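Trainee: Please see the structure below; I have some questions.
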Amino acid sequence: EPEVTQTPSHQVTQMGQEVILRCVPISNHLYFYWYRQILGQKVEFLVSFYNNEISEKSEIFDDQFSVERPDGSNFTLKIRSTKLEDSAMYFCATAFETQYFGPGTRLLVL
Amino acid sequence: GENVEQHPSTLSVQEGDSAVIKCTYSDSASNYFPWYKQELGKRPQLIIDIRSNVGEKKDQRIAVTLNKTAKHFSLHITETQPEDSAVYFCAASTPNNAGNMLTFGGGTRLMVKP
């Protein structure tokens, strides 16, 4: 059964550094999402992406965040200048109709 | 925007007993309600979902009910097993033109005691 994959599984970075999180969607999926989950808390929506543009974003998704699908395959989330409070698990999800989640990237900002 | 409340936050049952988790939502336009199971350190995995054109859906030991009038939906797990122990999240989705963002409830930590 195809699955959403994400890299890296873990990332440790210094505050102020840029990070790029990568996601490979299931091949026939048209909708792409990023969510985050701070340790012990609920999953929170960040952004949705369809037809090569952002379709919705939450208040969390400020100017420090960006998404793109550079090669028609990978779907990336970039955080330009990381803050301590960006430490969380970041999940990519992709959908044709139902959303399927990737395994997540655990980001730790020191 | 949509707000989803989930109760209880923790639930402990004996193996073989039933477990019920309840969620309420605020946006009457929401029409899709999935349930995800998340084991420690793992991804949320879809276990069952329901759309607003049906009131109940069942898949083996798992069932979901939806009351659109009251804006609440529930997950029912019968004959619980230790491997059902996990955090369960409900979610609601409001239709838009390009995919449905999910608004999650706060999660229920289910512990099934052998």
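Trainee: Among the strands (runs of 3 or more DSSP E) confined wholly to region A:1-51, which include 1 or more residues that are touching a residue at least 12 places away in the same chain (Cβ under 8 Å) and in contact with a His (Cβ under 9 Å, 6 or more places away or on another chain)?
Mentor: Because the criterion is at least 1 residues that are touching a residue at least 12 places away in the same chain (Cβ under 8 Å) and in contact with a His (Cβ under 9 Å, 6 or more places away or on another chain), no strands (runs of 3 or more DSSP E) in region A:1-51 meet it.
Trainee: Looking at (1) aromatic (Phe, Trp, Tyr); (2) over 18 Å from B:Ala19 (Cβ atoms); (3) touching a Leu at 6+ places or on another chain (Cβ under 9 Å), find the lone condition where B:Phe73 falls short.
Mentor: Every condition holds for B:Phe73 apart from (2).
Trainee: I'd like the full set of residues that are hydrophobic (A, V, I, L, M, F, W, C) and within 14 Å of another protein chain (Cβ to nearest Cβ), limited to region A:61-106.
Mentor: Answer for region A:61-106, where residues must be hydrophobic (A, V, I, L, M, F, W, C) and within 14 Å of another protein chain (Cβ to nearest Cβ): A:Phe61, A:Val67, A:Phe75, A:Ala88, A:Met89, A:Phe91, A:Cys92, A:Ala93, A:Ala95, A:Phe96, A:Phe101.
Trainee: To continue, here is another question. Out of the residues in region A:50-60 that are of a type outside the set (Gly, Ala, Ser) and within 10 Å of chain B (Cβ to nearest Cβ), state the one that is farthest from the chain's Cα centre (by Cα).
Mentor: Looking at the filtered set, the residue picked out is A:Asn51.
Trainee: Provide a single number: the residues in region B:47-70 that are surrounded by fewer than 16 Cβ atoms within 10 Å (Cβ to Cβ) and in a strand (DSSP E or B).
Mentor: So the answer is 6.
Trainee: Right, A:Val109: more than 20 Å from B:Val4 (Cβ to Cβ), crowded, with 18+ Cβ neighbours inside 10 Å and under 14 Å from the mean Cα position of the chain (by Cα) or not?
Mentor: Judged against the criteria, A:Val109 is not a match.
Trainee: Which members of region B:8-36 meet the condition of being closer than 11 Å to B:Leu75 by Cα and either under 13 Å from the mean Cα position of the chain (by Cα) or in a strand (DSSP E or B) (or both)?
Mentor: Applying the first criterion (closer than 11 Å to B:Leu75 by Cα) to region B:8-36 yields B:18-23, B:33-36.
Those that are closer than 11 Å to B:Leu75 by Cα and either under 13 Å from the mean Cα position of the chain (by Cα) or in a strand (DSSP E or B) (or both): B:Ala19, B:Val20, B:Ile21, B:Lys22, B:Cys23, B:Phe33, B:Pro34, B:Trp35, B:Tyr36.
Every number here is computed from the coordinates shown, using simple stated rules; none is lab data. Predicted model only: the values in this text are computed from it and were never measured. Here the Cβ is made from the backbone with ideal geometry for all residues, glycine too, and neighbour counts use every protein chain on show.
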